[in-house]
Amino acid sequence: MTGVRMVEDVATASSYRDFQVEHMHLDLQVDVEARKLRGLERLKLRVLRETRELRLDSHPTLQVFSVRTAGTPQEDLPWENKPFTRYGSCLVVRLPELLSPGAQLVVTIEYEANESPGVCWLEPHQTAGKKKPYMYTQGQAVLNRCFFPCFDTPAVKSVYSANIKVPEGFTAIMSANNWDRQGDTFIFNMTQPIPSYLVALVVGDIVSAEVGPRSRVWAEPCLIEAAKKEYDGVIEEFLSVGEKLFGPYVWDRYDVLFMPPSFPFGGMENPCITFVTPCLLAGDRSLADVIIHEISHSWFGNLVTNANWGEFWLNEGFTMYAQRRITTELYGSAYTCLEAAAGRALLRQHMDASGENHPLNKLRVKIEPGVDPDDTYNETPYEKGYCFVSYLAHLTGDQATFDSFLRAYVDKFKFQSITAEQALEFYLDYFPELQACGVDKRAGLEFDRWLNTPGWPPFLPDLSPGDALMKPAEELSALWASTPLDMETIEKVDITQWKTYQLVYFLDRVLERSPLPSGNIEILGKYYPKISEATNAELRLRWGQIVLKNDHQPHFHKVREFLHSQGKQKYTLPLYRAMQAGSEATRALARETFSQTSHQLHFNVQNYVKKILGNGQG
């Protein structure tokens, strides 16, 4: 039994320590009228520890009809559903006899998956095309137990296959490296082992276009031309740099699926096909590099995976570091430092709001039984995790040396799920000279403190190369906050060549200085149509926040239009917070906009907005 199997995962009710999943197969029919998936799952298991029962994660919305052994004749097995937590239940299957280690077991489960937090159904009006319903699954962190009974823990990885039968006029897509079609049935095969949370399915009115030698974009027909234009030739460049830095890309294809506007997330790194928000379709490729984060998960998260959700920083901290290494190779260190400064500001905002000593501001989070891992989600694993990985790089004293370590790390742990101890032990073994001088126990910078003490990172990477981009943006924001306006000096600053994050940095500084002196916001909007008329969602968010903080009512329609056009949580919630915290006019705008758009939002986002409007929190 591998060491990782001994790692506790309180978010699963399954007997994952007792079995190895050798293969999973799904044979499902999609009923878009009844909004359900119906069919069977076949699990091929090898026994690791003596046992008389099989326990699988399930969900109250998932209805089991029968559990049988394979072979001839099939044998019905007694089973029952037991309560577990508010986010799942436990399917307990009694086995025909006591099974010893090494024994093989194949079970077939006939079941039906209904609409749930993990199996999301969209009405036609929630899609871009407005014509057909749409279904997608969202497994991370612990929601694929709504999709199929499973060992819903990142500690377990397996290969899988699936046959998905869909109605005429619909297309099915899964996170698999091989697929085919026979009539109305789509056939998938994933030949690389992945954890259950990365098994993903989409069914809708979807078409594709090639954008590279191993990449295509998928979208509703009305978005496919925009998607192709935005990403044609772009993805391969990102992948190639990633391979140079971190080793071979093992997943064969890297496709991108542009989800309907109501998709609440920026991206979900499902292997072979990343799901992303259509907000990335800015029309000028100004947000194309956002996909680098999801590409980086191909090595960190999907290939080397956190063993449980308390170690989420292993997925996200290493991915943030990898993302910024790729960005540096492509765009230089100044731009990367500017982007990292924006991330650090988000971490500062989060820690100021939650309190630095909040237990969720540790890298290693202790998830208590019954707590949904999604409820522990925040900026800490991303940005504090990035700082820790940057510290490990700093200790080596040389970027090329640390790049070599990352390649070795990926090669050592590929297709495995690991803990921080395993990662850091490998680091110290790889650098024996660092181990010999006790870098893991340096006062104030102990590895144990990084992992287990909440608070601000004890080491911050040097972002001073970004000053070349940040200083002009900072100075320009000060000019716009002055009265009277010094237009002669403002006109000398050419922002037409500024990339997205330099503009974002400028707008964040303007927001900090808001409300601006009377009349300045109107002149700023007219002077920079690149900002006030932007199609780039990051700029639309910031301009909306500035409009609201300045109570600039002539541009309230910009806020309304942006919230009508998309339902991404990262953009939607800050705007509602700004409206609720503003004037009576902005609060009225919030109520009016929510009443018009709530039906197109994901139910989680609906609830968050209701909380904001109800008591100003959220």
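The values are calculated or read from the model by the stated rules, or taken from the named source; none is laboratory data. Nothing here was measured: the structure is a model prediction, and the numbers come from that model. Cβ atoms come from the backbone with ideal geometry, glycine included; neighbour counts cover every protein chain shown. What goes into the accessible areas is simple: the full protein's heavy atoms, side chains included, and nothing from ligands, DNA or RNA. Shrake-Rupley method; radii C 1.70, N 1.55, O 1.52, S 1.80 Å.
For the reader, a short list of remarks on this structure follows.
- Whole-number percent relative contact order across the chain, with pairs defined as alpha carbons under 8 Å at least 6 apart: 11 percent
- Spin-label model distance (nm) - Cys222 vs His394, 7 Å beyond Cα toward Cβ: 5.0 nm
- The Stokes-Einstein estimate for segment 488-615, based on a Kirkwood radius over Cα pairs and taken at 4 °C with 1.567 mPa s viscosity, is a diffusion coefficient of 86 µm²/s.
- For segment 426-536, the spread of Cα positions along the three principal axes, ordered from largest to smallest, is 61, 27, 26 Å.
- Carbon/sulfur fraction of accessible area - segment 215-312, other protein chains in place, 1.4 Å, %: 55 percent
- Among the listed pairs Lys526/Lys568; Lys414/Lys441; Lys492/Lys526; Lys165/Lys414; Lys36/Lys165; Lys132/Lys165, a Cα-Cα separation exceeding 23 Å is found for Lys526/Lys568; Lys414/Lys441; Lys165/Lys414.
- Top positive-direction residue, dipole computed over segment 430-554 with Cβ charges, set Phe447, Pro458, Ser532: Ser532
- Expressed as a whole percent, the proportion of Cα-Cα pairs in segment 37-129 lying more than 20 Å apart is 45%.
- Extension gain for Asp403 to Asp232 (0.36 nm times residue separation, less C-alpha to C-alpha distance): 58.7 nm.
- Rounded to 10°, Cα long-axis angle of helix 333-354 versus longest principal axis of the chain: 80 degrees
- Based on C-alpha pairs under 8 angstrom that are at least 6 apart in sequence, segment 162-225 has a relative contact order of 29 percent.
- Helix 569-580 axis, angle to the chain major axis (alpha carbon atoms, nearest 10°): 50 degrees
- Whole-Å distance, taken between Cα centres, linking segment 562-609 and segment 39-80: 44 Å
- The mean of 1/r over all pairs of different alpha-carbon atoms in segment 193-302, once inverted, gives a Kirkwood hydrodynamic radius of 14.0 Å.
- Loop-resident chymotrypsin sites (Phe, Trp or Tyr not before Pro) (DSSP state other than H, G, I, E or B) in segment 198-305 with no more than 12 further Cβ atoms inside 10 Å of their Cβ are absent.
- Averaging Cα coordinates gives a centre for segment 87-133 and one for segment 477-502; these two points are 54 Å apart.
- For segment 97-194, projected area of the alpha-carbon convex hull averaged over all directions, nm²: 8.6 nm²
- In plain terms, the chain from Asp494 to Phe65 could stretch by 147.8 nm, reckoned as 0.36 nm per residue minus the Cα-Cα distance.
- Equivalent ellipsoid semi-axes - Cα gyration tensor, segment 551-598, angstrom: 16, 11, 10
- Segment 488-529: GluC sites (Glu not before Pro) in DSSP loop, at most 10 other beta carbons within 10 Å: Glu491
- Förster radius 35 Å - calculated FRET efficiency between Val106 and Asp184, Cβ distance, rounded to 0.05: 0.80
- Sites Asp448 and Glu368 - FRET efficiency at Förster radius 22 Å, r taken between beta-carbons, to 0.05: 0.55
- Length released on extending from Gln596 to Asp76, taking residue separation times 0.36 nm less the Cα-Cα span: 182.1 nm
- Size descriptor for the chain, Kirkwood hydrodynamic radius: 25.7 Å (Cα pairs only, one decimal).
- Trypsin sites (Lys or Arg not before Pro), loop per DSSP, at most 12 other Cβ atoms within 10 Å - longest free stretch of the chain: 131-365
- Over segment 112-264, relative contact order from alpha-carbon pairs under 8 Å, at least 6 apart, %: 21 percent
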